[in-house]
Amino acid sequence: MSPFTYSRATDANQAVTAISGKSQVKFLGGGTNLIDLMKMGVEAPKELIDINRLPLAQIEELPGKGVRIGGLARNSDVAEHELIKTRYPVLSEALLSGASPQLRNMATVGGNLLQRTRCYYFYDPAFPACNKRKPSSGCGAIDGYNRIHAILGQSEQCIATHPSDMCVALAALDAIVRARGPNGEREIAFGDFHRLPGDTPERDTNLGPDELIIAVDLPAMLFAARSHYLKVRDRASYAFALVSVAAALDLGSNKKINAARLALGGVAHKPWRANAAEKKLIGQEANEKTFRAAAEAELAPAKGYKYNSFKIELAKRAIVRALSTVAAMG
């Protein structure tokens, strides 16, 4: 491991000041992803600023019946919190489907937002071609072993997928990320937080290099109590999603769909908000035929590769199954 300096921040403003204007500096929260990347030689920060002592672990109700989750709240605490389990069960289920209990006890919400892809070609510097790790070096996955890779929103520069389960649920819930930088705090709509690869796959998010994630706000959404997270993976635990679906439905007494929220994981460089499917669902009767039509609309632009074309049909079936589960809820 390359040498680095270590310091502890005592408040958020000090943390932002400490990182401002510097390169190769990282905040250290749970470290469950960053330390792995440092060990592999993918990340080599010159300085780590420990932010674990900052008072940013709150989970509290907002005046409008929404919920604020601090950037340093641990994944396990969020998953088990009564406000989350009752109002946003899709988020609790997503968190509990990720990693292991030990990792969830350490991992933070802010760190989860910033975790990097598990693409084999990115994670191992022995593979020279990775535009995300080394811009302009090529993408080894396009013509390589691409079973876990993207089928939506990819580019010729990168077909990596975003690994988070939590972020898929947050995308469906219209979350807002609150960040603090040298110029104060700002709000970032969740759909604008992560980036598609385009010509700059090395940039995962629109967070500034000198900004700190303070909190994530969940807006009041009464029908989110009728929600579900479905994760399809190679084994029952401790595995990343081949395809995942976060779904919520607002159903009228006649079983017509008044509103829908749908997001996909394991299919794109960012948590994929299924806007086309949502539009297809509105005003329709909640049944398998409707759900399949919505899935077909969402996956129409999908592009598969040699080893992952199966994901297209898998994603369609996962959408139907997740929506059927939600529609059957009391």
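With the other protein chains left in place, how much accessible area per residue, in square angstrom, belongs to the chain at a 1.4 angstrom probe?
Working: 14510 Å² over 330 residues.
The answer is 44 Å² per residue.
Determine the gain in length on full extension of the stretch Thr200-Ser324; use 0.36 nm per residue of separation and subtract their C-alpha separation, reporting nm with one decimal. The partial results should precede the final answer.
Working: separation 124, 0.36 × 124 = 44.64 nm, distance 3.76 nm.
Going from the current span to full extension adds 40.9 nm.
Any idea of Leu207's accessible area? Nearest 10 Å², probe 1.4 Å.
30
Would you work out which of Val67, Val243, Pro128 lies farthest towards the positive end of the dipole of the chain, given +1 charges on the beta-carbon of Lys and Arg and -1 on that of Asp and Glu, about the Cα centre?
Val243
Pick from Pro63, Pro163, Pro89: which residue has the top mean-square fluctuation in a GNM of the chain where Cα pairs under 10 Å get a spring?
Pro63
Contour minus end-to-end for Lys134 and Leu222, with contour as 0.36 nm per residue of separation and end-to-end as the Cα-Cα distance? Numbers along the way, then the final one.
Numbers: separation 88, 0.36 × 88 = 31.68 nm, distance 4.44 nm.
Result: 27.2 nm gained on full extension.
In Å, what Kirkwood hydrodynamic radius results for the stretch 227-327 from the alpha-carbon pair distances? Intermediate values should be presented prior to the final figure.
Details: mean 1/r = 0.0734 Å⁻¹.
Kirkwood radius, the stretch 227-327: 13.6 Å.
Out of the total accessible area of the stretch 121-209 (probe 1.4 Å, heavy atoms of protein only), what percent is carbon and sulfur?
Details: 1770 of 3620 Å².
Summing carbon and sulfur atoms, their accessible area is 49 percent of the total for the stretch 121-209.
How would you rank 285-291, 64-70, highest first, on the average number of other Cβ atoms within 10 Å across their residues?
64-70, 285-291
Which of the lysines could a cross-linker bridge to Lys279, judged by Cα under 24 Å and excluding same-chain residues fewer than eight apart?
Straight-distance partners of Lys279: Lys231, Lys255, Lys256, Lys270, Lys289, Lys303, Lys311, Lys316.
Less than 15 Å from a label point 7 Å out along the Cα-to-Cβ axis of Ala293: which backbone N atoms in the stretch 253-281 qualify, by residue?
Counting only backbone N, you get 256-258, 276-281.
Determine the dipole magnitude for the stretch 5-52: charges of +1 sit on the beta-carbon of Lys and Arg, -1 on that of Asp and Glu, nothing else is charged, the reference point is the Cα centre, and the result goes in debye to the nearest 20. Each step should come with its number before you reach the end.
Details: 5 positive and 5 negative charges, 22 e Å.
I would put it at about 100 debye.
Within the stretch 1-91, count lysine pairs with alpha carbon atoms under 17 angstrom apart where the residues are 8 or more positions apart or belong to different chains. Could the numbers behind the result be given before it?
Values: Lys22/Lys46; Lys26/Lys39; Lys26/Lys46; Lys65/Lys85.
Number of lysine pairs found: 4.
Tell me, what % of the accessible area of the stretch 5-52 is carbon and sulfur with a 1.4 angstrom probe?
Working: 1140 of 2360 Å².
Carbon and sulfur together cover 48 percent of it.
Between Leu62 and Glu47, what is 0.36 nm times their sequence separation minus the Cα-Cα distance? Round to one decimal in nm.
Values: separation 15, 0.36 × 15 = 5.40 nm, distance 3.54 nm.
Gain in length upon complete extension: 1.9 nm.
Given R₀ = 30 Å, FRET efficiency for Asn13-Lys303 by Cβ-Cβ distance, to 0.05?
Values: r = 45 Å, r/R0 = 1.51.
My answer for the efficiency is 0.10.
Apply 1/(1 + (r/R0)^6) to the Cβ-Cβ distance of Arg317 and Tyr238, taking R0 = 25 Å, and write down the FRET efficiency to the nearest 0.05. Walk me through the numbers before you get to the answer.
Working: r = 23 Å, r/R0 = 0.93.
Using R0 = 25 Å, I get an efficiency of 0.60.
Can you tell me the alpha carbon radius of gyration of the stretch 171-300 divided by the globular rule-of-thumb value 2.2 N^0.38 Å? Present the calculation step by step, with values, prior to reporting the outcome.
On the way: Rg = 16.8 Å, N = 130, 2.2 N^0.38 = 14.0 Å.
Computed over Cα atoms of the stretch 171-300, the ratio equals 1.20.
Considering the values (1) 68, 45, 36; (2) 67, 59, 33; (3) 61, 51, 34, which represents Cα extents along the principal axes in Å as calculated for the structure under consideration?
Read-out taken from this structure: (3).
Rounded to the nearest percent, how much of the accessible area of the stretch 211-303 (1.4 Å probe, protein heavy atoms only) is carbon and sulfur? Walk me through the numbers on the way to the answer.
Values: 1960 of 3880 Å².
Result for the stretch 211-303: 50 percent of the exposed heavy-atom area is carbon or sulfur.
The values are calculated or read from the model by the stated rules, or taken from the named source; none is laboratory data. Treat the numbers as computed from the prediction; the structure is a model and nothing was measured. Virtual Cβ from ideal backbone geometry, glycine too; neighbours counted across all protein chains shown. Remember, those area values only see protein heavy atoms, side chains included, never the ligands or the DNA or RNA. Shrake-Rupley method; radii C 1.70, N 1.55, O 1.52, S 1.80 Å.
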